[in-house]
């Protein structure tokens, strides 16, 4: 399963809920304001680093760049463009959008 | 692969209407098929032709119309959500005694069954919203 999170973890708890449910074999893609979670040195960095041990975490590159965060992305987070987003959807049998 | 897209957010709100469009475009560019784009809740506001954004801003509605024309997309607006928000085609306007319609070219108004069918027929249903 591919999980997408589009809200900032500093505004909503969807990322936290998503990470609780994400099982090995699934992947998490952060889009829109959800990409704020991948900044280094924040209150949720540890949560993300722990999750990275179990599931791959991706962030939508255009949204990371739109927020000027391209130089402070947590190690281990992979950046994808919209084509990469499409590939992730195709690779996983279902998509869960945490709204 | 066959995709269906569900858009639950209006244009110029947060970013979901933009992401839905960019995702749809990228899927088409990669040779995938888009079975249907269904606009629900505030997402129906993506389908009014009266939208007039500033000239230097993206025109979200026109962008859907153009992508729809190019790829013969089925752009469906939920009828109940549309009625609540004042989105009508000529038939709906007449049926409800309104003096005008405002649906954008390339969009059509139909029911929730179209969303269920989109979910069944497509390999993936991807939701974008608020």
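The residue that is surrounded by the most Cβ atoms within 10 Å (Cβ to Cβ), counting only those in region B:10-34 that are under 12 Å from the mean Cα position of the chain (by Cα) and more than 9 Å from chain A (Cβ to nearest Cβ), is B:17.
Looking only at residues of region A:42-72 that are within 11 Å of chain B (Cβ to nearest Cβ) and either in contact (Cβ under 8 Å) with a residue 40 or more places away in the chain or in a helix (DSSP H, G or I) (or both), we find that the one that is surrounded by the most Cβ atoms within 10 Å (Cβ to Cβ) is A:63. Tell me, please, whether a residue that is in contact with a helix residue (DSSP H, G or I) (Cβ under 8 Å, 6 or more places away or on another chain), under 22 Å from residue B:116 (Cα atoms), touching a residue at least 24 places away in the same chain (Cβ under 8 Å) and crowded, with 20+ Cβ neighbours inside 10 Å can be found in region B:56-63. For region B:56-63, residues in contact with a helix residue (DSSP H, G or I) (Cβ under 8 Å, 6 or more places away or on another chain), under 22 Å from residue B:116 (Cα atoms), touching a residue at least 24 places away in the same chain (Cβ under 8 Å) and crowded, with 20+ Cβ neighbours inside 10 Å: absent. Every condition in (1) free of Cβ contacts under 8 Å to residues at least 40 places away in the same chain; (2) surrounded by fewer than 18 Cβ atoms within 10 Å (Cβ to Cβ) holds for residue B:119 except the one numbered (1). Within the set A:80, A:95, the sole residue that is touching a residue at least 60 places away in the same chain (Cβ under 8 Å) and either within 14 Å of chain B (Cβ to nearest Cβ) or over 19 Å from residue B:6 (Cα atoms) (or both) turns out to be A:95. Screening residue A:86 with (1) within 14 Å of chain B (Cβ to nearest Cβ); (2) assigned to a loop (DSSP other than H, G, I, E, B) gives one miss only, at (2).
Considering (1) within 14 Å of chain A (Cβ to nearest Cβ); (2) more than 25 Å from residue B:116 (Cβ to Cβ), the lone condition that residue B:50 does not fulfil carries the number (1).
Quick test for you: out of B:42, B:74, pick the one residue that is closer than 30 Å to residue A:84 by Cα, surrounded by fewer than 21 Cβ atoms within 10 Å (Cβ to Cβ), touching a strand residue (DSSP E or B) at 6+ places or on another chain (Cβ under 7 Å) and modelled with pLDDT of 95 or more. Quick ask: steps written out before the conclusion?
Numbers: B:42 fails: touching a strand residue (DSSP E or B) at 6+ places or on another chain (Cβ under 7 Å).
Unique residue meeting the criteria: B:74.
Residues in region B:99-130 that are closer than 12 Å to residue B:48 by Cβ and out of contact with any strand residue (DSSP E or B) (no Cβ under 7 Å at 6 or more places or on another chain): B:100, B:101, B:105.
If you check residue A:75 against the conditions, is it within 14 Å of chain B (Cβ to nearest Cβ) and either closer than 20 Å to residue B:20 by Cβ or assigned to a loop (DSSP other than H, G, I, E, B) (or both)? Working first, answer last.
Details: within 14 Å of chain B (Cβ to nearest Cβ): no; either closer than 20 Å to residue B:20 by Cβ or assigned to a loop (DSSP other than H, G, I, E, B) (or both): yes.
So residue A:75 fails the test.
Quick one: would you say residue B:87 is buried (at least 18 other Cβ atoms within 10 Å of the Cβ), part of a loop (DSSP other than H, G, I, E, B) and more than 14 Å from chain A (Cβ to nearest Cβ)?
On the way: buried (at least 18 other Cβ atoms within 10 Å of the Cβ): yes; part of a loop (DSSP other than H, G, I, E, B): yes; more than 14 Å from chain A (Cβ to nearest Cβ): yes.
So residue B:87 passes the test.
Here is the figure for region A:22-38: residues that are more than 20 Å from residue B:14 (Cα to Cα) and free of Cβ contacts under 8 Å to residues at least 60 places away in the same chain total 5. Within region A:12-41, the residues that satisfy the criterion of being surrounded by fewer than 19 Cβ atoms within 10 Å (Cβ to Cβ) and either modelled with pLDDT under 95 or assigned to a loop (DSSP other than H, G, I, E, B) (or both) are A:12, A:13, A:23, A:24, A:25, A:26, A:40, A:41.
The values are calculated or read from the model by the stated rules, or taken from the named source; none is laboratory data. The shown structure was predicted, so the numbers you read here are calculated from the model rather than taken from an experiment. Cβ coordinates were reconstructed from backbone atoms using ideal geometry, including for glycine residues, and neighbour counts include every protein chain displayed.
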